[in-house]
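The values are calculated or read from the model by the stated rules, or taken from the named source; none is laboratory data. Bear in mind that the values here come from a model prediction, so they are computed numbers and not experimental data. Backbone-built Cβ (ideal geometry, glycine too); neighbour counts: all protein chains shown. Keep in mind that these areas ignore ligands, DNA and RNA; they rest on the heavy atoms of the full protein, side chains included. Shrake-Rupley method; radii C 1.70, N 1.55, O 1.52, S 1.80 Å.
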Amino acid sequence: MQAIQRYILVTVCGIFVILGYVCLNRLSHVGQRRNGPKILRSYVDWGDFSFNEDLHLSTKFRRSVPSQTYRQRCRMSSCFDFSLCENGFKVYVYPSWKNVVSDTFSQILTAIEQSRYYTNDPKQACLFIPNVDTLDQDKLSHDFVHDVQSKLSALPYWNNGRNHIIFNIFSGTWPDYTENVGFDFGEAILAKASLSVSKFRYGFDISFPLVAKDHVLKGGDKGYLYSSSNNIPSPREYLLAFKGKRYLTGKGSETRNSLYHVHNGKDIVLLTTCRHGKSWEKNKDARCDEDNREYDKYDYKKLLYNSTFCLVPRGRRLGSFRFLEVLQAACIPVLLSNRWELPFSEVIDWSKAVVSADERLLLQVPSIVRSISQSEILFYRQQTQFIWETYLSSVEKIVLTTLEIIKSRIKRHKSRANKLWNLEPGALSILPEFSDVMEKFPFFYHQLGTKPGDKFTAVIYATTPIALASAPLFRTLRNVAKSQNVVKIIVLWHCDIPPPPSHKWPGDLGVPVLVKTRNIKTISARFFPFKEIETDAIWSLEEDSLLTTDEVDFAFSVWQEFPERIVGYPARNHYWDEIKQRWSYTSKWSNEYSMVLTGAAVYHRYYNFLYTHQLPPEVIDTVDQSNNCHDILFNFLVSHVTKLAPIKVTQRKVYQESALTNVNLNASKPLSWLQQHHFTQREQCMNTFTQHFGTMPLIRSKTRMDPLLFKDPVSNMRKKYRQIETV
């Protein structure tokens, strides 16, 4: 009986299998006749991945495909003309900004035009910036520009967007807020805020930060941690905090509507309000009134600067203005925005500064932040300050970071390692044209466990004709040549009268002396990176410096311990003049200083390269036209890069008087640096340079380095640098 039942069951199953096969076969034929062949789709949406480009497609086929179809496959190799960049990386901004309606886009164009990459000749350009404001493509915004497509197509060098950058911060509108910018940008590079991982074309697009309208052009606020005197912060009152809008409907509402589940009112304070928009009272829910009462109890700034972690949930779009705010406040961001491609993620390692959480796992956030140790918290906070100040604190830094990323794609053999983007002083201050080896830069000796070279090249700036064998220049040569650390002396002859013949120069110095007269036409030539300078250290001297050999050697030994700083003797200071409401300059002897003049200072040769190749021409022209302020600009540059003060070393008290007497014995009028016009000019320079850097980069210090046993009541024979204490 059981055998008969088994046979019946098998027979019935076989009939159903045959009938199913026949039905499916007929349906497939019907589908083929109606819609063409059907292909089984994978459960994975391959369009969400950035590697969906078929690299085997021919160029002819790519050009035949409509731009809006192939746009998703754009890469530098397929949508960028490298031949335009053979003569260097230059950026052209289309003139006539009549289509610029937002202040932020105007700042972006201004930052590009003031950069060292700008050119007003489109024939020299590698990269083109449209003058059409595409930042805000929300149709409900008053900054929305109509007919963007036709305006872009009318640009003379548009070429379907090839070698162009399109900047966009807002796309889509209520209620969907899509990522589609609303126009066909062809083969242009898209620098866009709130980009998702699925839309981001890695290695081609730029994930742009969401910039507020009040973001400054230059300088920017200092990081909260750096603005205090102590870089090791004390514990903050709140562990995790958030204060912001809650959306009752539409995108972004799910995450923020759930925050009250985590709020405990003690160490975790997550506050939301639905009191925004015109019709909030009409749409408010049962929690609105209670949320609003709790929301009004806390001040946003106090909450921000007194919290260790700050929640950054997505808004209507993936990005949030809060992200930059918490970075500046040294509050560690806790992201709740799934699939958001963070700003400049191609080069910035955000895992060192940000805690990423899943929107769907909100209740796990408290346990995640509680598990982070104090040492890790300190590291996170320091990294937030570094990233903020280096790349995000101003529109200029954001624009330069964007340009540097694109430049590194074009010239990969001269691109920076990603490690350098995430180490101080940051990639914007490290020019790969100087070297591709970390040991060649002055910033990494201590991290790499190495030391700079034990030799220096002396560079002496000479402007006075030589009439006597006892001229100050010759005495300076003899004193420097006695040093055991000097390998070469270079004299920069900036004088209308030719230098004396070789037989009149001091003989038997023991080191080669090179006199350079070509191209020494401006005072900035003293900071030119001459190929003859092969040592790490440069000892910069005026012809009348009159330092003893001991002073030269001692300053050099101090510099070897602090190779990233300027180390020297004559110090100056700056101060804010409340009456004039401007920065002022003083040369009075005091216990505080902010500059060490390059008339008697030692520094790393990389700063000569940085001075020549990074500073814009108009700033250097300010120095050359006035024939003054070169040393101030040099101190501005080094302090701006290192965020450190120079170091003053001890010197003989009679240094200034003796130098003045020896140099000015037969002078009919006082030295130029003692005249009031000289100081007035230097004050003007300081304020001009402050405008260029966007802030005052000089840092005051009271540190002075003295030799061991200096002024101690012991035998002079026990002291290494004996000449320093002599009159």
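Quick rundown of the values:
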| quantity | calculated |
| --- | --- |
| Net length gained if the chain between Leu140 and Thr450 were fully extended (0.36 nm per residue, minus Cα distance) | 105.8 nm |
| Amide H contacts under 5 Å for Val312, placed H, 5+ residues apart | Val334, Leu335, Leu336 |
| Sulfur and carbon atoms: percent of accessible area, the chain [1.4 Å] | 52 |
| The chain - share of DSSP beta bridges that are antiparallel (%, nearest 5) | 25 |
| Calculated [θ] (222 nm, deg cm²/dmol) that DSSP helices of n ≥ 4 give over the chain, each run adding -39,500 (n - 2.57) | -9000 deg cm²/dmol |
| For the stretch 485-617, the spread of Cα positions along each principal axis, largest first, Å | 56, 34, 27 |
| Spacing of the two label points (7 Å from each Cα toward its C-beta) at Asn306 and Tyr226, in nm | 2.7 |
| Prolate/oblate/rounded call for the stretch 238-310, Cα gyration tensor, a/c under 1.5 rounded | prolate |
| Distance in nm between pseudo-label sites at Leu423 and Asp349 (7 Å out along the Cβ direction from Cα) | 1.0 |
| Rounded tilt (10° steps) of 617-626 against the dominant C-alpha axis of the chain | 20 |
| Extension reserve of the Arg582-Gln364 stretch, reckoned as 0.36 nm per residue once the Cα distance is removed | 73.3 nm |
| Cα gyration tensor, the stretch 181-312 - rounded (a/c under 1.5), prolate or oblate | oblate |
| Two-site label geometry, Ser715 and Glu281: point separation in nm, points 7 Å out along Cα→Cβ | 9.4 |
| Value of relative contact order over the chain, rounded to a whole percent, pairs C-alpha under 8 Å and six or more apart | 9 |
| Cα-based reach from Lys504 at 21 Å (exclusive), listing lysines while leaving out same-chain residues under 8 positions away | Lys482, Lys488, Lys516 |
| Acute angle (nearest 10 degrees) that the helix 472-481 long axis makes with the longest principal axis of the chain, alpha-carbon atoms | 70 |
| Calculated log₁₀ intensity ratio I(q)/I(0) where the Debye formula runs over C-alpha points of the stretch 573-634, q = 0.21 Å⁻¹ | -1.04 |
| Computed FRET value (nearest 0.05) for Phe679 with Asp121, which takes r as the C-beta separation and R₀ as 30 Å | 0.15 |
| Nearest-ten-degree value, helix 374-387 long axis tilted from longest Cα axis of the chain | 80 |
| Label point at Glu592 placed 7 Å out along Cα→Cβ; residues across the stretch 687-702 whose backbone nitrogen lies under 18 Å | 696-702 |
| Cα shape, the stretch 359-490, gyration tensor, a/c 1.5 rule | prolate |
| Given Lys245/Lys352; Lys251/Lys411; Lys90/Lys455, the pairs whose alpha carbons are separated by over 30 Å | Lys251/Lys411; Lys90/Lys455 |
| (1) 1.06; (2) 0.99; (3) 1.09, with the label sought being that of the calculated Rg/Rh (Cα atoms, Kirkwood Rh) | (3) |
| Residue-normalised accessible area of the chain, given per residue in Å² at a 1.4 Å probe | 50 |
| Average Cα contact separation per residue, the stretch 155-314, under 8 Å, 6 or more apart, as relative contact order % | 19 |
| Difference of contour (0.36 nm per residue) and Cα-Cα distance, Gln614 to Thr178 | 153.0 nm |
